[in-house]
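Here's the structure we're looking at; comments come further down.
The values are calculated or read from the model by the stated rules, or taken from the named source; none is laboratory data. Source: prediction; values computed, not measured. Using ideal geometry, Cβ is built from the backbone for each residue, glycine included, and neighbour counts are taken over all protein chains shown. Ligands, DNA and RNA are excluded from the accessible area calculation, which covers all protein heavy atoms including side chains. Shrake-Rupley method; radii C 1.70, N 1.55, O 1.52, S 1.80 Å.
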Amino acid sequence: MMKSPTERLRLFIHLSGGCMKKRGIAAAFCLALALLLLSGCQKKKAAADGYALFMTHMSNAFTIELSDAVKEEAARQNVTLTVNDAGQDVAKQISQIETTINRGVKGIVIEPVSVDGIMPAVDAAKKAGVTVVIVNQQIADPSAADCYVGVSNEDGGEMEMNLAVKDINGKGNIALLLGPMGSDAQIGRSAGYKKALASYPDIKVVFESSAEWDTARALSMVENWLQAGKGISAIVSQNDGMAMGALKAVQDAGLQDKIFVYGLDATPDALASVKEGGLRATVSQSTAAQGREALKACVEIANGKQLPAEILVDFTLITSENILDFVK
């Protein structure tokens, strides 16, 4: 049976005797050094065969569901995976990627903090021969990566806003809760909102601000909006976390029968709220499917398979009419 490097070293010392001469000591030292180098090479090879996931943050149901799906697919693919949380800090995410490249990795999946800011890290990874798959949010130059797996954020925003427009009969005041400014989701969903509103001059956007995907920030922000007395008919949020904060503010003010609130992500809390008659709607972006497909694509490309540059999953509008298809 093959012995471990440590066991072989001990055997060598035992056979050499307890009172080795200088020549024997030198030989033992050389053997020990060789075994340490071999061990280091084995560790580096193991790291080079592994994969890494880089998340914008891990502070809400959507990002946790996405990362869990990537981890589950890594287990199915029988590959090692390390998960990194950037805390919505693009500089931190770049540093995490560069550190991982230096340690050695076969492929990486990135949910980018910034459309533009993450580009240097993507370029560095490709120069190092690392497979790069972008998930959920696009980057400024999609051709810099091997593949994008996700959704068309503009389509999701347009779907969400179209329902809001219909519910308020094409007229009234609305407020928009945006994601982090400059993120692909914020840019794309905002474009979808504008596209849906283009034919409705009687709808006025009275408030529009970023709550950074955060429920508490959205709650405080909407409380201030309601106190301004603008007569809001609908609040359209670019994620469910902010929508749940907005809904609480609306309910606390006793305005739940006058203001519709819309979210996006189809998180468990949001789905439960739609079922209970709280949120008017949420939009599913097939979160788990994005995660699974992203890791699968990364492994396949790293192993030489040719895949399309873009793999898209579908959005689904979820309202009281079809909520039972998603929750019991």
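Odds and ends about this structure:
- Any pair with Cβ under 6 angstrom, 6 or more apart, that starts in the stretch 89-109 at a residue that is crowded, with 19+ Cβ neighbours inside 10 Å and ends at one that is polar (S, T, N, Q): V90/S114; Q96/N84; G107/T131
- Residue within the stretch 63-77 that is open to solvent by 10 Å² or more (accessible area, probe 1.4 Å), in a loop (DSSP other than H, G, I, E, B) and not small (G, A, S) present: no
- Cβ-Cβ under 8 Å pairs, at least 6 apart or on other chains, the stretch 302-328 side closer than 19 Å to S273 by Cα, far side of a type in the set (F, W, Y): I318/F326
- Within the stretch 138-153, if we keep just the residues that are open to solvent by 20 Å² or more (accessible area, probe 1.4 Å) and of a type in the set (S, T, N, Q), the residue that is nearest to T316 (Cα to Cα) turns out to be S152.
- On the stretch given as the stretch 220-273, residues that are surrounded by fewer than 20 Cβ atoms within 10 Å (Cβ to Cβ), closer than 25 Å to D202 by Cα and small (G, A, S) total 3.
- The listed residue being open to solvent by less than 20 Å² (accessible area, probe 1.4 Å) and either at negative phi or of a type in the set (A, V, I, L, M, F, W, C) (or both), out of V113, V135: V135
- With respect to the conditions (1) touching a residue at least 60 places away in the same chain (Cβ under 8 Å); (2) assigned to a loop (DSSP other than H, G, I, E, B); (3) open to solvent by less than 20 Å² (accessible area, probe 1.4 Å), L279 falls short on a single one, namely (1).
- Of all residues making up the stretch 118-132, the number that are surrounded by 18 or more Cβ atoms within 10 Å (Cβ to Cβ) and not in a helix (DSSP H, G or I): 4
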